[in-house]
C-alpha cells in the first residue's frame, strides 16, 4: 500500500480548504473504490481527505422532495422506507450492490463520483431526475445528474469540489420506478447491463397512457445514459406488450455497448431489448396497476 | 511518516495506539496486534475473509482505514469467546452443524452471521444468504453454514 | 465388525479442529512468523514468450532491507515437475506470463515488492502460441525448442475390444465435440511457505502442501542439486486453507524460498497475494474432446471412442497425467465393451496446468454424459431408462480390467429419478427441464505412484488417551475426524481421547498424498489396522491379568471387559498402567503401513487402478429464461454410493461442496486468457458461486458397505463435482432444446443457440 496522510475534517469548509492546500490530495468516502485503486497502484495520492466525519453530508430527508446526503451509505438507503415506497428504483439499485460489508461503508456519493459505467445507483438516480449539489471553495452549484457524468470515471467535478448530495423531486401518485441489474452471479457482481425505468401514467387505470417516462441504461456506453428517444416514444402511449417491445428496440439502438470480458456487445444489446420492457413492467406493478 | 494516536475499543477493551495513516484495520489487527483470526483472502473486499464488526455493522477490514476506527467499537473473531473461555453460540453452531471445512473463511463468515443475528434474531434463509453473500467459501457449498445460522433463530 | 453395534462410526461427529477454526486460533501459513524471518517476492515475466536478454538487479540490491536477489543465472541448474522441464527461475527464455524471472528476500513484504519493481529485465518478445490445436501445427512457435515438438511425449492411448467392428454393427451412433475451459481452485487461503535452515543445513519447510512425503523427497533432490548432500528435510504443514489439488506438486516459489533462505541464512517466507494465486498457480486445463458412442437396437452401448487435446501450458505438472484418470469413466462408466481413447497434451504459452478435484474426470464425464443423452435420443429412449439399461453392476470386470466390487450405481440413478419426479417432469420443453448424469470414480485408493500407501503410528498413554500419527493430510475435508472415529471405534474409547497428528514429516509416517479421494479408504484402513494391532496387544495382556480367554474380551467406553462374565473387567487406564509399571514394563505402540492391493496400469493402461470404485448420479431441474438465456436451478439431487458413511455430516459437506464447485464449473467459472494473459484474475470477475447462487440441494447417501473399506467406506472427496456440468447441460436441453457443448454454459451461449435454433425452424418452414 502506498503511504499517505489521512485527514479527517468535520465540516465541508474544512474539507475544501484541505483539498485546495494539500499536494496530491483526494477525497475518500467509504473508500471501497479508492483503497482498491491505491493497492493496485492505480492512484498516486499523498493525502486522503475523509468525508466520513462530516455531519452535513449525511442523511435522508423527505419533504417537498427527497434529499440524500452524499455521505449516506448504501445500507442507510436500503433501510429508508420512503425510498422503498416512492423511489423504488434506487432501493433496487442499492439492494444488490456489492456485499453487506461493502454497503455498510460505501456511500452513494462515492458510487456516483467514481462514475463507473456500471454504477448501480446511477441509472436509478437518472430516472428519478436527480440533481447534484456540488460544493467548491467559491460556493455551490447544481447540476442535473445527466450532465454530471462525462465518461468512464470522469465527471464535471473540479478536483477541488465535492458532491454535497442529491435532490430528487416529488412524483405524482401514478408513478412507479424500477432498476434491473443483469448479472452472471446472484451477488457480489457488477452488472452486465443495468436498466432503470420510471413511468408516470396519466391516471392510475389500466389502459391509460404514459404521461412521463424515464429510461436509463448502464454499461451500454462510456457512462450511464438516458434513452431519450425511447422516453419520447413512450409518452402518450398505452403501455401494451407491443409498445414495450418497441421501446426495447429503440433503446437498443440508443445503446452502444462494447465487448468486454464481462459481456459481449451483441448480448448487451439483446438484453436492452428484453430488459427495458421488464423494467417498465416492474415500474408499473409498483404503481399498483 | 508521523505516527498518530487513536483511541477506540477492541473486543471490549479500551485501546490507545500509535498508528500510521496508511494502515488498514486488517494490517493493524494482524501485524500489530497479532490478532490473526481475521484473515486476508484477497485484500479487495471481494471475499469477506477479513470481516469484523464495527459499531454493530459487518465490514471488510482490508478496506477500512485505521484512522476511521477512532472512537469506534471493533469486534473481531477473538472477541467472541467469553472471559471464561466459553464459545459464542454461533461458534458452537458452526462446529455442531459441520459448517467448517478448511476454515479460512470461517472467522469472517461467523462475524457476518453475528452482525445479522444481532440485528435480526430469526432471519429467513434468504436473509441469511444475503448477509453472507459477501463471504466466499470454496469448501462447503454454504449449505451447512446456512444451516448453522438457521439453528440460531426461532427455527431451532 | 462382527455385526456389533457401532458407537462412533456412522455418527455426525463435529470436525476435530473446528473449535480452533471458529475461534481464529488455527494457524495457517499466513499466520506463521519465525524469528529473523525475511520475505521473499517473485518477479514474473512481462511477456508470454520471449528471450531474456539482460537482467539488471543492481538497483534492487542497493535498496535498504534487501538481503538477496536471485535470477536464473545465479542459481544452480535444476528443473522440476513431472517432466523435469521447469526451472524455478527461468534463464534464457520465458514461456508464459507466470514465468518466474527473479526473486528477492527483504526485511518486509513492502520492501520486497519495491525491490522487485527495481529489477530491470530486457526481453526480446517472441511470437507465442496459445491454442493447443495451433501449437500442433507445422511451423508453430516451439515452447521448448530442444523437444522439437509442442506435443508432449506421453502416449495416452487405451484400446479395448474392436471399436471399428462395433461401430459397423451399431444401430445408433452419435458423434460430437465438447470443450471445457480453464478453471482454478480458488482456495480461500493463498499459497505460501517458509523455508528455514538450521546450522547444519538441514531444511525445515513450513508449507500448505497436500503431499508432505513427496514434497520432502522433491526438496531433498533439490538440496542434492544445490550441493547439500545427505541433509534432512522436515515438512511441517500449517493448517491448510483449501487444497482441491492445487498443492499436489512442488512449485517454483518453494524452491525460490529455499534458495533465498540458503543465501541469506535466515528463514524466508513467500506468501502469494490473491493476484498471484490466480495467475501464478496451476489451474485445471482446457480440453477439446471428440466423442462418438453407439448402441444396439435394444439400447445397449456398443462402443465409445474419444480423442482429446489438452492444453498443457508451458511446463508440466500433474495436469499432463489427468488422461490416466479420464480413462476411468471412458472405459468404465456404464457397461461399454469396446473403447478407444487417445489424448495429446500440448505445450502452449499459457500458464501450466495442474490437476484439480476430479483429476480429469469432470472434463471426460461432461463429454460422455452429454453424449449419453444424445445417444438415448437417437435410439428413441428415455435417458433414465437408457442409463439404467447400461449401468454398472457389482462383480463386473470392465474393459480396462477394473474389478467392480460394491456398486450402487443403479440405486443412485433410481433415487435421483424418483426425487426429481423424472417421469412427470421430463420432456415438457416448456422452459423447464430435468437432466441427470452419473459418475464413476476411484473409491479405494488409486495406484498412480509406486506406492499408494499410508502409514499410521498409534501410541496410548497411561490413561487410555491415544495419539495417532498419520501420514495423511487434512485439507479441510475432515480426515482428522474420520481417522479419530475409526481408532476410537476400534479401541472402544471416546472421540475426545483420540488426538490426530497429521502435519509433520519428522513424526508422521509416509503417505503418497491427499488426492484421488483416497484418504478415508487408505489412511482409514491404515489407522484401523494399527488400532486393531494395539487392541490385540492390550487384550492379550489383559486376558492374563483377568484370567479370561482373549476371544471373549473387548473394550467399550474405556473398559476392558469379558463378554461372557460381567465380573471380569478392568478400566483401560488401569490395565495400561499395570502394563507400563510392571518390571520390564512397556508403553504400547502400534504401527501399520497400509498399501492397498490395487494395480499400476500396465503398458496398455489396463489394470485394477483402485480396490473399489465410487458411484453416483446427480439430477437437476432447471428453468431457462428464453429471452435472456439465464438458467435457474430449481432443484438439485445428488446421490452417492459411498460404501458406508463414517461421518454422514462431514460426508454431506463433501457432496455439497463438490456440487457447488461443480455448479461454478458448469455455469460461470472461466479463466479468460487472451494471448496468454489472464484477464479476470480476481474474485469479482472470476465468479465462484456465492451463498445466493446455491440452489436447494438434496443428498442421498447409498450405503453398499464395501468389503475392503474401513467399516465398508469408500472415497467421496471428488465425486461431488464430477457429473454436475452434464446433468445441468442435459436439463437445459430438456427445457429449451439446445445443447451447450462448451463450458461454462453462459446465458450468452444459450441465447445464441436459441436464436440459431429459431432461425433453423424458420428455414425449415
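The values are calculated or read from the model by the stated rules, or taken from the named source; none is laboratory data. As the structure is a prediction and not an experimental result, all values here were calculated from the model. Note that we place each Cβ from the backbone using ideal geometry, even for glycine, and neighbour counts take in every protein chain shown.
Structure above, values below:
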{"item": "Count of region A:19-54 residues which are surrounded by fewer than 19 Cβ atoms within 10 Å (Cβ to Cβ), in a helix (DSSP H, G or I) and in contact (Cβ under 8 Å) with a residue 24 or more places away in the chain", "result": "2"}
{"item": "Residue within region C:14-30 that is away from chain B (no Cβ under 12 Å), touching a residue at least 12 places away in the same chain (Cβ under 8 Å) and on the phi < 0 side of the Ramachandran plot present", "result": "no"}
{"item": "Some residue of region C:150-159 being without any contact (Cβ under 8 Å) to a residue 60 or more places away in the chain and not in a strand (DSSP E or B)", "result": "yes"}
{"item": "Residue identified as more than 19 Å from residue A:57 (Cβ to Cβ) and either surrounded by fewer than 23 Cβ atoms within 10 Å (Cβ to Cβ) or within 9 Å of chain B (Cβ to nearest Cβ) (or both) among A:95, A:79", "result": "A:95"}
{"item": "Hits in region A:232-284 (condition: more than 22 Å from the chain's Cα centre (by Cα), under 30 Å from residue C:685 (Cβ atoms) and part of a strand (DSSP E or B))", "result": "none"}
{"item": "Output for region B:47-58, where each listed residue is in contact with a helix residue (DSSP H, G or I) (Cβ under 9 Å, 6 or more places away or on another chain) and either part of a loop (DSSP other than H, G, I, E, B) or in the same structural domain as residue B:119 (by TED's automatic domain parsing) (or both)", "result": "B:47, B:48, B:49, B:50, B:56"}
{"item": "Enumeration of residues in region C:454-466 that are surrounded by 23 or more Cβ atoms within 10 Å (Cβ to Cβ) and touching a strand residue (DSSP E or B) at 6+ places or on another chain (Cβ under 6 Å)", "result": "C:454, C:456, C:458, C:460"}
{"item": "Filtered residues of region C:54-78 (kept if assigned to a loop (DSSP other than H, G, I, E, B) and either in contact with a helix residue (DSSP H, G or I) (Cβ under 7 Å, 6 or more places away or on another chain) or free of Cβ contacts under 8 Å to residues at least 60 places away in the same chain (or both))", "result": "C:63, C:64, C:65, C:75, C:76, C:78"}
{"item": "Total residues in region C:688-710, condition within 14 Å of chain A (Cβ to nearest Cβ) and buried (at least 22 other Cβ atoms within 10 Å of the Cβ)", "result": "6"}
{"item": "Residue match in region C:631-647 (condition: farther than 29 Å from residue C:742 by Cβ and within 13 Å of chain B (Cβ to nearest Cβ))", "result": "yes"}
{"item": "Extreme residue, farthest from the chain's Cα centre (by Cα), among residues of region A:1-15 that are over 21 Å from residue B:5 (Cβ atoms) and assigned to a helix (DSSP H, G or I)", "result": "A:13"}
{"item": "Exclusive hit being away from every other protein chain (no Cβ under 14 Å) and within 30 Å of residue B:39 (Cβ to Cβ), set C:302, C:264", "result": "C:264"}
{"item": "Any hit, region C:268-287, residues being more than 24 Å from the chain's Cα centre (by Cα) and either away from chain B (no Cβ under 14 Å) or surrounded by fewer than 22 Cβ atoms within 10 Å (Cβ to Cβ) (or both)", "result": "yes"}
{"item": "Top-ranked residue in region C:741-751 [being touching a helix residue (DSSP H, G or I) at 6+ places or on another chain (Cβ under 8 Å) and within 13 Å of residue C:630 (Cα to Cα); ranked as surrounded by the fewest Cβ atoms within 10 Å (Cβ to Cβ)]", "result": "C:748"}
{"item": "Residue B:103 closer than 24 Å to residue C:278 by Cβ, within 14 Å of chain C (Cβ to nearest Cβ) and under 13 Å from the mean Cα position of the chain (by Cα)", "result": "no"}
{"item": "Qualifying positions in region C:592-616 - under 18 Å from residue C:405 (Cα atoms) and either outside any loop (DSSP other than H, G, I, E, B) or modelled with pLDDT under 95 (or both)", "result": "C:613, C:614, C:615, C:616"}
{"item": "Criterion (surrounded by fewer than 24 Cβ atoms within 10 Å (Cβ to Cβ), in contact with a helix residue (DSSP H, G or I) (Cβ under 7 Å, 6 or more places away or on another chain) and over 20 Å from residue B:140 (Cβ atoms)) met by exactly one of B:64, B:44", "result": "B:44"}
{"item": "Residues being surrounded by fewer than 23 Cβ atoms within 10 Å (Cβ to Cβ) and either in contact with a helix residue (DSSP H, G or I) (Cβ under 7 Å, 6 or more places away or on another chain) or closer than 24 Å to residue C:65 by Cα (or both) - total across region C:91-100", "result": "1"}
{"item": "Every pair of residues 6+ apart whose Cβ atoms lie under 8 Å, when the first sits in region C:552-569 and is assigned to a loop (DSSP other than H, G, I, E, B) while the second is surrounded by fewer than 13 Cβ atoms within 10 Å (Cβ to Cβ)", "result": "C:568/C:547"}
{"item": "Residue count, region C:408-434 (criterion: surrounded by 17 or more Cβ atoms within 10 Å (Cβ to Cβ), in a loop (DSSP other than H, G, I, E, B) and either out of contact with any strand residue (DSSP E or B) (no Cβ under 7 Å at 6 or more places or on another chain) or free of Cβ contacts under 8 Å to residues at least 24 places away in the same chain (or both))", "result": "0"}
{"item": "Per-region count, region B:81-125, residues part of a loop (DSSP other than H, G, I, E, B) and free of Cβ contacts under 8 Å to residues at least 60 places away in the same chain", "result": "20"}
{"item": "Positions within region B:130-146 being within 8 Å of chain A (Cβ to nearest Cβ), free of Cβ contacts under 8 Å to residues at least 40 places away in the same chain and either under 17 Å from residue B:56 (Cα atoms) or not in a loop (DSSP other than H, G, I, E, B) (or both), in sequence order", "result": "B:130"}
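Here is a yes/no grid of residues against (1) part of a strand (DSSP E or B); (2) within 13 Å of residue C:191 (Cα to Cα); (3) not assigned by TED's automatic domain parsing to the domain that holds residue C:352:
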residue	(1), (2), (3)
C:245	no, yes, yes
C:249	no, yes, yes
C:276	no, yes, yes
C:292	yes, no, no
C:297	no, no, no
C:305	yes, no, no
C:315	no, no, no
C:320	no, no, no
